[in-house]
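Asker: Below: one structure in structure tokens.
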């Protein structure tokens, strides 16, 4: 009996060790999501680590190319996943969206991506992070499928975007009060955006204030108006988002990351919503040296703060 018990013990030990063995993954997958091919990148030195899925800003942008610069610390704790949304990055290279992108459509895409990841990596939940526009999709999941989330990270989130855009216009008019060209174009901005040029003028002078002088070139305007053909309908949907009225309670842990100098998604609006929203666990982290790109402006603090929430 002792010999049999010892053999069984050794067999079980070998089995347990094999289960704990780390499996690495560094791959770019093409997956059928929402009826089209979409690009998903998975990087980890152990597939048993919890999943952290990034929802990039934009809309129409990709975080995939520069992801290593703001995940080099996070990769020690997470399986890092970057996804290029429809009509963005590598997904756009694979195929354009056959229908106009919308918040509802891309929220459903996000749900499919999450379910794909959970099944592929054999996990029940994941951590989700939305950056700027990505929060339109992230809060869709928070509202409709909180059971799939360990926690949600809302980074420079869209909360009450129409109010934020109105305050942005006021700020820019004060800043450029002695710039006749700026004041003439900003005077043509009306809410909701009545045309794509109205949104262009607001973004042009926001970016110019941030030191991006190339926005005065004709090529920038041409590129922006090309972008708006695809994305202005979706952004006008975002302008209607007002979470203090539509999402007063969430059923998952939620953490807000705000840049002190962010005037694009106004920090004070996020702080007010944080105070109001009810959640099992919540916190707000202010990044003193950041604007609208926390993951770039304070990459190390950004990552360490995420890890801090795991404790």
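Values in this text are rule-based calculations from the coordinates and carry no lab data. The structure presented is a predicted model; accordingly, all values stated were derived computationally and were not measured. So basically every Cβ, Gly included, is an ideal-geometry build from the backbone, and we count neighbours across all protein chains shown.
Asker: Can you give the FRET efficiency for residue 77 and residue 171, using 1/(1 + (r/R0)^6), R0 = 35 Å, r = Cβ-Cβ distance, to the nearest 0.05?
Answerer: In this case the efficiency is close to 0.40.
Asker: For region 14-88, what is the per residue volume of the convex hull drawn over the alpha-carbon atoms, in cubic angstrom?
Answerer: Each residue corresponds to 99 Å³ of Cα convex hull volume.
Asker: Using every pair of alpha-carbon atoms in the chain, split the distances into 20 Å bins beginning at 0 and state the percent of pairs per bin, rounded to integers.
Answerer: With a bin width of 20 Å, the distribution comes to 31, 54, 12, 3, 0.
Asker: Starting from the coordinates of the alpha-carbon atoms of region 173-255, obtain the Kirkwood hydrodynamic radius over all distinct pairs and give the value in Å to one decimal.
Answerer: Radius from the Kirkwood sum: 14.8 Å.
Asker: Can I ask one more? Once fully extended, how much extra length lies between residue 66 and residue 22, figured as 0.36 nm per residue of separation less the alpha-carbon to alpha-carbon distance?
Answerer: 13.3 nm
Asker: Hey, what angle do you get for helix 103-120 against the long axis of the chain, alpha-carbon based, 0 to 90 degrees rounded to 10?
Answerer: 20 degrees
Asker: So, one more: Provide the packing ranking of 211-219, 103-111, i.e. peptides ordered by the mean count of other C-beta atoms within 10 Å per residue, highest first.
Answerer: For the peptides 211-219, 103-111, the packing ranking is 103-111, 211-219.
Asker: Still on this model: Using only the alpha carbons of region 178-311, what is the convex hull's orientation-averaged projected area in square nanometres?
Answerer: In nm², the orientation-averaged hull projection of region 178-311 is 10.1.
Asker: Could you tell me what % of all Cα pairs in region 92-138 have separations over 15 Å?
Answerer: 56 percent
Asker: Calculate the spin-label point distance for residue 236 paired with residue 310, positioning each point 7 Å from the Cα along the beta-carbon direction, and give it in nanometres.
Answerer: 4.4 nm
Asker: Taking the 0 to 90 degree range and rounding to the nearest ten, how far is the long axis of helix 134-144 tilted relative to the main principal axis of the chain, both from C-alpha atoms?
Answerer: Approximately 60 degrees, to the nearest ten.
Asker: Please list the three semi-axes, largest first and in whole Å, of the ellipsoid equivalent to region 226-288, using sqrt of 5 times the eigenvalues of its alpha carbon gyration tensor.
Answerer: In descending order, the three semi-axes are 25, 17, 10 Å.
Asker: Using a Gaussian network model on the chain with a 10 Å cutoff between Cα atoms, which of 113, 23, 31 fluctuates the most?
Answerer: Among 113, 23, 31, the largest GNM mean-square fluctuation belongs to 23.
Asker: Take residue 261 and residue 99, extend 7 Å from each Cα along the Cα→Cβ direction, and tell me the distance between the two endpoints in nm.
Answerer: For the pair residue 261/residue 99, the computed spacing is 4.2 nm.
Asker: Same structure again: Pull out the extension gain between residue 124 and residue 278, defined as 0.36 nm times the separation in residues minus the alpha carbon to alpha carbon distance; nm, one decimal.
Answerer: Here the answer is 53.0 nm.
Asker: Ratio to report: Rg/Rh of region 111-236, with Cα atoms as the point set and Rh obtained by the Kirkwood method; give two decimals.
Answerer: 1.10
Asker: Still on this structure: Using the eigenvalues of the Cα gyration tensor, what equivalent ellipsoid semi-axes result for region 37-166 when each is taken as the square root of five times the eigenvalue, whole Å, largest first?
Answerer: Equivalent ellipsoid semi-axes, largest first: 22, 17, 15 Å.
Asker: Report the normalised scattering of region 56-107 as log10 I(q)/I(0) at q = 0.24, 0.25, 0.28, 0.30 Å⁻¹, calculated by the Debye formula with identical scatterers on the alpha carbons.
Answerer: Scattering profile of region 56-107, log10 relative to I(0): -0.92, -0.96, -1.08, -1.17.
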